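Following: one structure in structure tokens, then a few remarks.
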Amino acid sequence: MRSIREISDDIQKLIRLLEKKIRFNKEIAIKNYVRKYKKLLHEFREIEKVGELNRNWQD
């Protein structure tokens, strides 16, 4: 039989592992969000450029 101390140590190790995975997944989620935001911003700027060209052409 394992002692309470061993079980407690194992639980603490698992908690640290879970915390590490959660932090890692948050970083990935943030990076993905930033990537999507940059893509949308780029698309918006392209639309702005086309709109500006259309206005200049109509003048």
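Here are the numbers:
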quantity: Local net charge near residue 45, Cβ-Cβ under 13 Å (Lys/Arg +1, Asp/Glu -1); calculated: -1
quantity: Tilt relative to the chain, helix 4-58 - C-alpha long axis, 0 to 90 degrees, to 10; calculated: 0 degrees
quantity: Net charge over other residues, Cβ less than 15 angstrom from the Cβ of residue 8 (K, R count +1; D, E count -1); calculated: +1
quantity: Two-site label geometry, residue 22 and residue 58: point separation in nm, points 7 Å out along Cα→Cβ; calculated: 5.3 nm
quantity: Candidate lysines for bridging to residue 13, where Cα separation is under 19 Å - those fewer than 8 sequence places away on the same chain excluded; calculated: 21
quantity: 17 Å Cα-Cα reach of residue 39 towards lysines, excluding residues that sit fewer than 8 places from it in its own chain; calculated: 31, 49
quantity: Size of electric dipole in the chain: Cβ of Lys, Arg +1 and of Asp, Glu -1, about Cα centre, debye, nearest 20; calculated: 340 debye
quantity: Three semi-axes of the equivalent ellipsoid, the chain, Cα gyration tensor, whole Å, largest first; calculated: 57, 5, 4
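The numbers here are math on the coordinates, done by the rules we state, and not lab data. Please read these numbers as outputs of a predicted model, since none were measured by experiment. Glycine gets a Cβ as well: all are built from the backbone with ideal geometry, and neighbour counts include every protein chain shown.
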